[in-house]
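Everything on this sheet refers to the single structure shown next.
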Amino acid sequence: MTAPRLDVVCIGNALVDILAKTDDAFLEAMEIPKGGMILIDQDRAVQLYDAMGPAVEVSGGSAGNTATGIASLGGQAVFFGKVRDDQLGTIFTHDIRAAGVGFDTPHASSGPATGRSMILVTPDAARSMNTFLGAAVDFGPEDLNEAQLQAAAVTYMEGYLWDSPSAKAAFLRAARLCHAAGGKISLTLSDPFLVDRYKDELKDFVARHVDIVFANEEEVCGLFDADNFDAALQQVRQHCDVAALTRSEKGAVIVSGEEVHVVDAAPVAKVVDTTGAGDLFAAGFLYGLTNGHSLYDSGRIGALAAAEVISHVGARPEQKLTELVAAQLDLKQAQRA
């Protein structure tokens, strides 16, 4: 008996998102840079939690959001990430499994508490993330499930994990295992500040190991020190098989060799919270790609998934994405391999 086929294995920081609405004055008073992600310690996490307004707590993390999006589209997704055997670890585990995602990474019985991201959303829908990595930072090669990696069409890696040396080692091992079994490796660059911290390392990893890269305009320009998007696009197409580059309201550009596809952003009545937009675009794109759809149609699925998640607070879809895609796109159902 062969191992069951998986569409995507997602590897990332296992975090509980704590989302609250706020204003620019609060960000300034708490010295929080707007629109990005910064790492904080546990004491700072407690301070922010006490200071912020009413919050919603939900299983999160970038790659976890992507895995949930794939499951909502009807795909087979598994998530690897580390939590502690504490209350937030229990919340994370329940939420991601309830969403239809496989999650079997053993909980840590010692060390830091389960990680969390304090996400502050201003009226302009910008999200400012303050992340305590906690137990997530201890994810390493020993936490990889080799059988699931070998069964995956794509292994998707969250760039945020690059801050952890043990996670970097896990990425390299996962890439070797997945490629040896005929799968593809995908990486999201995650954040402009992360790209700035590890530019040379990430560029080397993309060139040597990554088949499919996800980035927004600022991230891809930063990676290649490009003055503009077109120059960055020409660079990235030489480093990987497929690049899916998001441009907010301008939509996305999918490039693969000589192929270039421009995908319009899906319409949204009101942008409420941009948290998870890139994660859900990746979910839609990877679901499409692993289920027989073209690059362009995969981008269209990604655009719809991203539009759904920015229409409400929180980084997980509230509407079943399978139904949303079926209602709005005329796509033939591909035969599963």
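The values are calculated or read from the model by the stated rules, or taken from the named source; none is laboratory data. No experiment lies behind these values; they were computed from the predicted model shown. Heads up, the Cβs are rebuilt from the backbone with ideal geometry, glycines too, and the neighbour counts pull from every protein chain shown. Side chains included, ligands, DNA and RNA excluded: accessible areas come from the protein's heavy atoms. Shrake-Rupley method; radii C 1.70, N 1.55, O 1.52, S 1.80 Å.
What the table shows:
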item	result
Residues (open to solvent by 80 Å² or more (accessible area, probe 1.4 Å) and either at pLDDT 95 or above or out of contact with any strand residue (DSSP E or B) (no Cβ under 6 Å at 6 or more places or on another chain) (or both)) located in region 30-51	31, 41, 43, 47, 49, 50
Filtered residues of region 169-188 (kept if surrounded by fewer than 18 Cβ atoms within 10 Å (Cβ to Cβ) and either in contact with a Gly (Cβ under 7 Å, 6 or more places away or on another chain) or in contact (Cβ under 8 Å) with a residue 12 or more places away in the chain (or both))	169, 172, 173, 179, 180, 181
Top-ranked residue in region 57-77 [being in contact with an Asp or Glu (Cβ under 8 Å, 6 or more places away or on another chain) and open to solvent by 10 Å² or more (accessible area, probe 1.4 Å); ranked as modelled with the highest pLDDT]	76
Some residue of region 113-124 being basic (Lys, Arg) and in contact with a Ser or Thr (Cβ under 6 Å, 6 or more places away or on another chain)	no
Members of region 189-210 that are assigned to a loop (DSSP other than H, G, I, E, B) and either open to solvent by 10 Å² or more (accessible area, probe 1.4 Å) or in contact with a Cys (Cβ under 6 Å, 6 or more places away or on another chain) (or both)	190, 198, 210
Count - residues of region 77-111 that are within 15 Å of residue 12 (Cα to Cα) and either of a type in the set (A, V, I, L, M) or part of a helix (DSSP H, G or I) (or both)	8
Filter pass, residue 114 being of a type in the set (Val, Ile, Thr) and either under 26 Å from residue 7 (Cα atoms) or open to solvent by 10 Å² or more (accessible area, probe 1.4 Å) (or both)	no
Criterion: open to solvent by less than 50 Å² (accessible area, probe 1.4 Å), of a type in the set (Val, Ile, Thr) and over 18 Å from residue 68 (Cβ atoms) - qualifying residue of 301, 254, 310	254
